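Worksheet: one structure, shown below.
The values are calculated or read from the model by the stated rules, or taken from the named source; none is laboratory data. On a predicted model such as this, the values are computed, not experimentally measured, just so you know. Every residue, glycine among them, receives a Cβ derived from its backbone with ideal geometry; neighbour counts consider all protein chains shown. Keep in mind that these areas ignore ligands, DNA and RNA; they rest on the heavy atoms of the full protein, side chains included. Shrake-Rupley method; radii C 1.70, N 1.55, O 1.52, S 1.80 Å.
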Amino acid sequence: MKVMTRFNPKIYEIMRGYNSERFVKDLGAGLTVAVVALPLAMAFAIASGLKPESGIFTAIIAGFLISLFSGSRVQIGGPAGAFIVIVYGIVEKYGVSGLLLATLMSGGILWMMGFFRMGVLVKFIPVAVIIGFTNGIAVLIGISQIKDFLGLDIEGKVPAEFFGLLETLWRALPTWSPAAFFIALLSLAIIIGWQLRVPPKLGPNGERASALNRIRASIPGSIIALVVATVLVQVLGLNVATIGSRFGGIPQGLPSFTIPLPMQADGSFSMALLWSAMKGLAAPAVTLAVLGAIESLLCARVADNMIRDKHDPNQELLSQGFANMVVPFFGGMPATGTIARTVTNIKNGSTSPISGMIHAVVLLVVVLVAAPLAQYIPLAALSAILMFVAWNMGEWREFARLKTYRIPYRMTLLAVFILTVVVDLTAAVEVGILAACFTFIYRISSLSTEDKFDLPADWRINPDEIHAYRLSGALFFGAVKFIEQMQADIPKRALILDFSGVIYIDSSGAESLQELWETYHDKHVPIYVYGLRQQPVEMLTRVGWLKKLGEGNFCQNLDDVRAKLQS
């Protein structure tokens with residue numbers, strides 16, 4: 001069947017000719033990516049309302065599976081900042097069990113999208129929608145980190161709803177902790193300062209500058225910030241919330257197997273309960289799937305531009321779907337391709353998916369060996385990391401450039417941005433895509449025109465007796481008004497239609513032409529057409545319009561029309 005896709009991971013291609021030199025490069029890249037992924041995985045999980053090990057186990061399991069089955073040579077998968085808002089909302093409303101089921105459902109949707117070769121459809125999501133919800137998510141991530149950044153004392157869970165979140169934070173402001181604020185600011189300063197490149201100089205200073213730049217390129221600032229913040233908190237004895245004080249640390253061992261299905265109070269399984277839960281989680285699961293598809297395929301495109309390769313979008317969706325169907329069985333969260341870790345992977349010399357698999361194995365070793373040390377990490381430092389991620393995530397310059405775009409683009413971007421922040425991501429994406437569709441229909445319909453033209457003078461025919469129109473564009477449901485005008489103004493002798501500029505006709509356009517033929521047939525006025533392209537011919541043949549028109553009225557060109565009129 002043409003519908004089915006070949007199962008063709010990139011790892012099949014690279015294993016031909018793979019050697020020790022490439023493995024050494026992949027090993028170095030995998031180790032570096034693991035260092036970058038560790039703090040981000042914990043931070044994303046905590047910000048999503050989960051325990052830090054959920055993020056780490058997701059980075060290990062999903063990261064390994066996505067690289068193993070990926071349609072990209074260098075993509076790194078794992079928990080992503082884009083999921084924080086939607087995951088937090090699911091956890092608050094449905095609990096962790098609801099999140100596991102929603103993740104499983106989203107994995108199934110992603111897998112089906114890949115199976116039916118729908119990877120190309122993600123490209124049709126408008127840029128305004130992507131930028132709008134990306135900026136909205138960045139704002140929400142930043143706001144959600146204010147609690148730990150300032151060390152606010154808030155009892156219970158922070159509400160996911162925007163105005164409720166702001167009200168809760170405002171009421172808790174008097175409880176802010178100078179120590180936590182200091183650690184957060186210091187961590188943020190280290191992360192930002194670590195990004196700055198030391199200008200090279202001649203002589204010994206130039207050598208030291210180059211060495212420092214190489215160190216900065218290989219060790220992420222987030223790790224330096226975590227180490228400095230953790231040491232300061234312990235040495236100075238600062239009263240700052242840590243992973244240990246809030247979560248009791250990270251378990252040192254493999255994740256336990258769990259069944260991501262709702263159970264009754266007595267522990268038995270109920271199909272009715274499962275169906276009810278799936279209906280409630282359908283919208284969040286679709287949002288997770290669409291968001292995951294967009295993130296992973298955009299990431300793969302960025303990687304393609306950097307390594308001059310071409311990814312397989314359908315295989316990528318298959319790998320994302322499979323990973324998201326597996327991680328819920330180990331208490332994980334949604335995963336997708338991540339741009340920051342993928343770029344780090346490329347810049348550190350990755351040549352194949354092996355580096356992504358190595359990064360997952362390294363994270364597993366860290367959990368098995370050094371998990372107890374994570375309990376000392378201050379949450380204020382993790383909040384600083386996420387603040388930096390949120391800032392880099394947003395396309396803030398697009399707001400300044402809005403005045404250069406058309407009004408529909410501005411309205412779509414701003415509507416998606418505001419709805420993402422104030423309402424939720426699902427509503428924002430739905431409204432954004434709907435607005436983009438209406439905008440597209442309006443623009444295409446405005447390009448579909450009918451131009452009345454005069455017949456050559458040597459025809460010696462009264463212009464009132466024959467009307468001739470040159471049609472162009474697409475004759476579809478959004479552009480059939482000019483057909484109504486032809487029905488209102490009927491000539492005495494004949495109607496000539498030049499279809500050479502018509503590239504597409506849909507069923508609504510064909511129906512309008514059918515009504516036009518019936519009107520002219522009742523008035524005994526023939527219609528002559530010429531210049532039909534392949535798609536219009538196929539459509540009008542299928543609906544029987546050309547048969548009703550008659551073979552004698554289906555012409556090759558305008559001279560053919562003249563010959564038939566004068567015969």
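The residue of the stretch 102-116 that is most open to solvent (accessible area, probe 1.4 Å), among those that are among the hydrophobic types (A, V, I, L, M, F, W, C) and either closer than 17 Å to Pro79 by Cα or not in a helix (DSSP H, G or I) (or both), is Phe116. Taken over the stretch 519-545, the criterion of being closer than 26 Å to Asp464 by Cα and in contact with a strand residue (DSSP E or B) (Cβ under 6 Å, 6 or more places away or on another chain) is satisfied by Tyr520, Pro526, Ile527, Tyr528, Val529, Tyr530, Gly531, Leu532.
The stretch 1-101 holds helices (runs of 4 or more DSSP H) entirely within its bounds, and those carrying 1 or more residues that are surrounded by fewer than 22 Cβ atoms within 10 Å (Cβ to Cβ) and in contact with a Gly (Cβ under 7 Å, 6 or more places away or on another chain) map to 20-47.
In this structure, does Val525 turn out to be more than 15 Å from Leu475 (Cα to Cα), open to solvent by less than 20 Å² (accessible area, probe 1.4 Å), outside any helix (DSSP H, G or I) and among the hydrophobic types (A, V, I, L, M, F, W, C)?
Details: more than 15 Å from Leu475 (Cα to Cα): yes; open to solvent by less than 20 Å² (accessible area, probe 1.4 Å): yes; outside any helix (DSSP H, G or I): yes; among the hydrophobic types (A, V, I, L, M, F, W, C): yes.
Considered against the rule, which asks whether it is more than 15 Å from Leu475 (Cα to Cα), open to solvent by less than 20 Å² (accessible area, probe 1.4 Å), outside any helix (DSSP H, G or I) and among the hydrophobic types (A, V, I, L, M, F, W, C), Val525 comes out as yes.
Screening the stretch 476-505 for residues that are of a type in the set (Gly, Ala, Ser) and part of a strand (DSSP E or B) and picking the one that is least open to solvent (accessible area, probe 1.4 Å) gives Ala494. Here is the figure for the stretch 533-548: residues that are of a type outside the set (Lys, Arg) and in contact with a helix residue (DSSP H, G or I) (Cβ under 7 Å, 6 or more places away or on another chain) total 5.
I want to confirm something. Restricting to the stretch 342-354 and keeping residues that are within 17 Å of Phe69 (Cβ to Cβ) and either more than 24 Å from the chain's Cα centre (by Cα) or open to solvent by 10 Å² or more (accessible area, probe 1.4 Å) (or both), which single residue is modelled with the highest pLDDT? Steps first, answer last, please.
Start the filter on the stretch 342-354 by keeping residues that are within 17 Å of Phe69 (Cβ to Cβ), which leaves 342, 345, 350, 352-354.
From the residues that got through so far, the ones that are either more than 24 Å from the chain's Cα centre (by Cα) or open to solvent by 10 Å² or more (accessible area, probe 1.4 Å) (or both) too are 350, 354.
On the way: Ser350: 90, Ile354: 94.
Ranking the candidates gives Ile354 first.
When Ala436 is tested against (1) in a helix (DSSP H, G or I); (2) modelled with pLDDT of 85 or more, only condition (2) is not met. From Arg406, Arg397, Arg401, Arg460, grab the single residue that is in contact with a helix residue (DSSP H, G or I) (Cβ under 9 Å, 6 or more places away or on another chain), open to solvent by 50 Å² or more (accessible area, probe 1.4 Å) and either of a type in the set (D, E, K, R) or within 30 Å of Gln566 (Cβ to Cβ) (or both). Every option except Arg406 fails the conditions.
Pairs linking a residue in the stretch 227-240 that is touching a residue at least 24 places away in the same chain (Cβ under 8 Å) to a residue that is polar (S, T, N, Q), with Cβ atoms under 6 Å and 6 or more positions apart or on different chains, are Ala229/Ser187. Restricting Ile294, Ile339 to residues that are under 20 Å from the mean Cα position of the chain (by Cα), modelled with pLDDT under 90 and open to solvent by less than 10 Å² (accessible area, probe 1.4 Å) narrows the list to Ile294. Taken together, Ala381, Ala428 contain a single residue that is of a type in the set (Gly, Ala, Ser), assigned to a helix (DSSP H, G or I) and closer than 30 Å to Gly478 by Cα, which is Ala428. Of all residues in the stretch 160-187, those that are out of contact with any helix residue (DSSP H, G or I) (no Cβ under 8 Å at 6 or more places or on another chain) and surrounded by fewer than 17 Cβ atoms within 10 Å (Cβ to Cβ) total 8. Scanning the stretch 255-277 for residues being closer than 18 Å to Pro328 by Cβ, part of a loop (DSSP other than H, G, I, E, B) and free of Cβ contacts under 8 Å to residues at least 24 places away in the same chain gives a total of 0. Read through the list (1) at pLDDT below 90; (2) surrounded by fewer than 18 Cβ atoms within 10 Å (Cβ to Cβ), then give the number of the only condition that Ile131 fails. Going through (1) at pLDDT below 90; (2) surrounded by fewer than 18 Cβ atoms within 10 Å (Cβ to Cβ) one by one, Ile131 breaks only (2).
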